[in-house]
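Read the structure below first, then the notes.
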Amino acid sequence: MTLHEHDVIVVGAGGAGLRAAIAAHEEGADVAMVTKLHPVRSHTGAAEGGINAALRDGDDWELHAYDTMKGSDYLGDAPAIETLAQDAPEEVIQLEHWGMPFSREDDGRVSQRPFGGLSFPRTTYAGAETGHHLLHTMYEQVVKRGIQVYDEFYVSELAVTDHDDPEDRECHGVVAYDIKSGEVVGFRATDGVVLATGGDGQVFDHTTNAVANTGDGPAMAYRAGVPVEDMEFVQFHPTTLPSTGVLISEGVRGEGGILYNDEGERFMFEYGYASNAGELASRDVVARAELTEVNNGRGINDEYVHLDMRHLGDERIYDRLENIIHLAEDFEGVNPVEEPMPVKPGQHYHMGGIETNENGQTCIDGLYAAGECACASVHGSNRLGGNALPELIVLGARAGHHAAGKDMETAQVPTGPSAKSEDETSLETPVSPGEVGVDDDVVADGGAIADPKAVVENAVERERQRIEELLERDGTNHAEIREDLQKAMTENVNVFRNEEGLKKALEVIRECRERYQDVAVADPSRTFNTDLIHTIETRNLIDIAETITLGALAREEFRGAHWRQEHQERKDDEWLKHTMISWNGGSPDLYYKPVILEGENKEYEPKVRSY
Ligand SMILES: Cc1cc2nc3c(=O)[nH]c(=O)nc-3n(C[C@H](O)[C@H](O)[C@H](O)COP(=O)(O)OP(=O)(O)OC[C@H]3O[C@@H](n4cnc5c(N)ncnc54)[C@H](O)[C@@H]3O)c2cc1C
């Protein structure tokens with residue numbers, strides 16, 4: 001059995017993983033990255049618009065923190081939000097020192113542009129290819145430092161001890177399928193494992209996310225006993241191309257792009273959706289406005305609205321948004337210099353994820369998470385545009401430092417089932433999750449194995465057997481299951497949600513879980529077997545879809561990105577709390593934990609959120 005051993009193992013090599021690995025290396029750790037994609041093919045490369053940091057006179061971290069808390073609809077935790085706002089400037093300046101080619105003003109200063117929900121133009125960018133440059137800049141640092149990258153290794157399970165209480169468990173490594181050789185191998189981490197596996201947009205069938213975004217990290221952590229947090233909060237971006245889901249950056253509206261309905265009206269103002277900020281209101285507000293227009297018969301072809309940037313002029317478009325021209329031409333056949341672009345909301349980002357504190361720690365010792373797969377919680381119920389990239393570098397760095405043993409301030413955000421709210425009424429849920437119909441493959445060692453190496457070896461052996469079985473037996477193809485799951489989620493767990501639809505989605509998810517019991521891989525080959533990988537990913541999508549839907553059904557209010565037809569108000573008295581879901585041996589346990597609104601210098605008081 002092949003067993004690689006390093007101090008710190010980082011799973012995932014997007015923005016969060018790269019920054020975590022560099023940070024662990026800065027602490028002197030022997031760090032390795034394990035990733036299913038080559039680092040520069042990670043989905044961070046698709047980020048277009050920019051990265052928020054309070055860099056200029058007139059702006060400061062407190063304003064950034066306030067905007068983020070307001071954007072979160074008061075469901076973010078103040079210690080995490082303030083950490084993000086405080087550390088972002090230094091991290092962005094460091095990127096610039098590492099050679100990131102930020103766009104600049106004539107006087108040489110790094111440019112910043114307005115973004116939705118920001119009270120100051122604090123979005124720093126590199127054209128409309130910010131993520132691409134961010135990945136390449138940090139990958140250069142990884143190469144320069146000689147950090148080992150195991151790419152084309154698919155991590156399928158964590159190696160975690162089997163104590164009853166998840167808070168007593170320890171993570172000693174991961175199990176990976178070597179895509180090139182077909183071997184199932186172990187990675188033992190003597191100091192810590194950092195999950196940085198990105199988003200899970202493939203739960204839906206209209207998404208800006210890549211096919212690789214299948215929620216592997218959250219699903220693995222969840223099954224190992226880490227609670228997932230606020231999973232019902234999924235961001236639907238208002239400007240995606242209707243036929244493919246490809247993103248048209250908020251940078252277009254930041255530069256002055258305008259939204260029109262079928263009657264040529266600038267509906268954001270005309271119908272009072274956001275009388276001050278208009279197109280630059282927060283994403284949840286704009287996405288709902290667009291769909292309301294469509295539902296009221298003012299959509300174009302009953303499906304979308306128009307985003308017009310022609311008035312910005314060729315020079316500005318080519319200077320700051322050239323990439324948008326190519327995307328609209330290649331994926332929708334529209335030249336946006338000459339005509340408006342059709343756009344509609346599409347799944348874009350998951351605010352929820354693996355529960356962590358502001359140092360990236362989960363409740364399992366030695367297991368960390370950072371980036372989109374994690375929930376610290378910085379974004380609460382709605383993420384502001386430009387706030388994911390700073391999260392990658394700020395919280396990625398903190399997770400990497402902590403995993404490598406740096407002595408850091410104790411985190412203020414509590415984690416694990418012991419952080420459960422004491423409010424008994426909050427434990428009630430209108431749904432009975434029921435049995436999930438899977439076996440007990442929750443943790444890796446199947447017994448009280450104390451030796452860390454043996455925990456990893458045992459996990460490898462279990463995964464090897466599972467993969468062999470998938471390859472050898474006959475059964476259902478995962479693709480049909482995945483398609484039904486994605487359709488049900490897009491139809492019922494989208495921007496507008498109601499009880500009937502959510503219950504219907506849950507039924508389909510449960511059926512998918514049943515059908516998955518007979519899943520088999522059609523391609524018997526041992527190398528480069530994408531059918532096998534997609535089959536394993538589909539199981540993760542089922543787990544993630546179930547937590548999103550359960551959380552959405554239970555939350556009987558309208559907050560941020562979570563709109564409920566039957567519950568049209570934000571209910572702070574009852575619902576100012578995080579939704580937590582624990583795997584609980586295969587029968588999801590839903591509970592809540594309090595939101596922390598107490599910041600360093602002030603208490604954030606929930607207010608009506610208007611733009
Ligand atoms: C089109 C688009 C545009 C965006 N624009 C912006 C923007 O302008 N500003 C902003 O702030 N945010 C933006 N976002 C959001 C932001 O880009 C993402 O949230 C962020 O890049 C995610 O980074 P990550 O490091 O968490 O994950 P990723 O970059 O997706 O990396 C995930 C990594 O995990 C690896 N991985 C996953 N599963 C496994 C597994 N099982 N085994 C091994 N490896 C695995 C992958 O190989 C990959 O290396 C945008 C998002 C999209 C989709």
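Here Val174, Val185 are screened, and the one residue that is farther than 25 Å from His578 by Cβ and surrounded by fewer than 24 Cβ atoms within 10 Å (Cβ to Cβ) is Val185. Take Tyr150 and tell me if it is surrounded by fewer than 22 Cβ atoms within 10 Å (Cβ to Cβ), aromatic (Phe, Trp, Tyr) and either out of contact with any helix residue (DSSP H, G or I) (no Cβ under 7 Å at 6 or more places or on another chain) or in the same structural domain as Val226 (by TED's automatic domain parsing) (or both). Judged against the criteria, Tyr150 is a match. Name the residue that is surrounded by the most Cβ atoms within 10 Å (Cβ to Cβ), counting only residues in the stretch 295-320 that are small (Gly, Ala, Ser) and either in contact (Cβ under 8 Å) with a residue 12 or more places away in the chain or within 11 Å of Asp262 (Cα to Cα) (or both). Result: Gly299.
Taking the conditions (1) β-branched (Val, Ile, Thr); (2) open to solvent by 10 Å² or more (accessible area, probe 1.4 Å); (3) touching a residue at least 40 places away in the same chain (Cβ under 8 Å) in turn, Thr292 satisfies each one other than (3).
Criterion first (under 27 Å from the mean Cα position of the chain (by Cα), within 15 Å of the ligand (Cβ to nearest atom) and not basic (Lys, Arg)) does Glu255 satisfy it? Steps first, please.
Details: under 27 Å from the mean Cα position of the chain (by Cα): yes; within 15 Å of the ligand (Cβ to nearest atom): yes; not basic (Lys, Arg): yes.
Yes: the conditions hold for Glu255.
Of the residues contained in the stretch 376-398, none is found to be farther than 26 Å from Gly560 by Cβ and free of Cβ contacts under 8 Å to residues at least 12 places away in the same chain. Yes or no: the stretch 347-370 includes at least one residue that is surrounded by fewer than 24 Cβ atoms within 10 Å (Cβ to Cβ), in a strand (DSSP E or B) and assigned by TED's automatic domain parsing to the domain that holds His562. Yes: the stretch 347-370 contains one or more residues that are surrounded by fewer than 24 Cβ atoms within 10 Å (Cβ to Cβ), in a strand (DSSP E or B) and assigned by TED's automatic domain parsing to the domain that holds His562. Number of residues in the stretch 1-40 that are more than 18 Å from Val185 (Cβ to Cβ) and either part of a helix (DSSP H, G or I) or of a type in the set (A, V, I, L, M) (or both) equals 15. Between Glu5, Glu82, Glu27, Glu62, which is buried (at least 24 other Cβ atoms within 10 Å of the Cβ) and away from the ligand (no atom under 14 Å from the Cβ)? Checking each option against the conditions leaves just Glu82.
What about Met100, is it open to solvent by less than 10 Å² (accessible area, probe 1.4 Å), away from the ligand (no atom under 15 Å from the Cβ) and over 30 Å from Val174 (Cα atoms)? It is false that Met100 is open to solvent by less than 10 Å² (accessible area, probe 1.4 Å), away from the ligand (no atom under 15 Å from the Cβ) and over 30 Å from Val174 (Cα atoms).
Restricting attention to the stretch 37-51, does a residue exist that is open to solvent by less than 10 Å² (accessible area, probe 1.4 Å), at pLDDT 95 or above, within 15 Å of the ligand (Cβ to nearest atom) and of a type in the set (S, T, N, Q)? For the stretch 37-51, residues open to solvent by less than 10 Å² (accessible area, probe 1.4 Å), at pLDDT 95 or above, within 15 Å of the ligand (Cβ to nearest atom) and of a type in the set (S, T, N, Q): absent. Filtering the stretch 554-600 to residues that are buried (at least 16 other Cβ atoms within 10 Å of the Cβ), without any contact (Cβ under 8 Å) to a residue 60 or more places away in the chain and farther than 20 Å from Asp543 by Cβ leaves Glu557, Phe558, His567, Trp575. When the stretch 115-128 is limited to residues that are surrounded by fewer than 21 Cβ atoms within 10 Å (Cβ to Cβ) and of a type outside the set (Gly, Ala, Ser), the one that is nearest to Gly257 (Cα to Cα) turns out to be Pro121. Consider the stretch 533-550 and keep the residues that are out of contact with any strand residue (DSSP E or B) (no Cβ under 8 Å at 6 or more places or on another chain) and among the polar types (S, T, N, Q). The one that is farthest from Thr214 (Cα to Cα) is Thr549. Restricting attention to the stretch 280-322, the residues that are in a helix (DSSP H, G or I) and in contact with a His (Cβ under 8 Å, 6 or more places away or on another chain) total 2.
Only one of Gly215, Gly225, Gly186 is on the phi > 0 side of the Ramachandran plot and away from the ligand (no atom under 13 Å from the Cβ); which?
Numbers: Gly215 fails: away from the ligand (no atom under 13 Å from the Cβ); Gly186 fails: on the phi > 0 side of the Ramachandran plot.
Residue meeting the stated conditions: Gly225.
Yes/no matrix, rows are residues, columns are (1) open to solvent by less than 10 Å² (accessible area, probe 1.4 Å); (2) under 26 Å from Tyr318 (Cα atoms); (3) not in a helix (DSSP H, G or I):
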| position | (1), (2), (3) |
| --- | --- |
| Gly76 | yes, no, yes |
| Ala88 | yes, no, no |
| Gln94 | no, no, no |
| Leu158 | yes, no, yes |
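Have a look at Gly217, Gly198, Gly256 and point out the one that is assigned to a loop (DSSP other than H, G, I, E, B) and buried (at least 24 other Cβ atoms within 10 Å of the Cβ).
Details: Gly217 fails: assigned to a loop (DSSP other than H, G, I, E, B); Gly256 fails: buried (at least 24 other Cβ atoms within 10 Å of the Cβ).
Residue meeting the stated conditions: Gly198.
The condition (being within 16 Å of the ligand (Cβ to nearest atom), among the small types (Gly, Ala, Ser) and over 25 Å from Val203 (Cβ atoms)) is satisfied by just one residue among Ala411, Ala403, Ala369, Ala388: Ala403.
The values are calculated or read from the model by the stated rules, or taken from the named source; none is laboratory data. From a predicted model like this one, the values you see are computed outputs, not experimental measurements. Please note: Cβ atoms are built from the backbone with ideal geometry, for glycine as well, and neighbour counts cover all protein chains shown. For the accessible areas, the whole protein counts, side chains as well, though only heavy atoms, and no ligand, DNA or RNA atoms are used. Shrake-Rupley method; radii C 1.70, N 1.55, O 1.52, S 1.80 Å.
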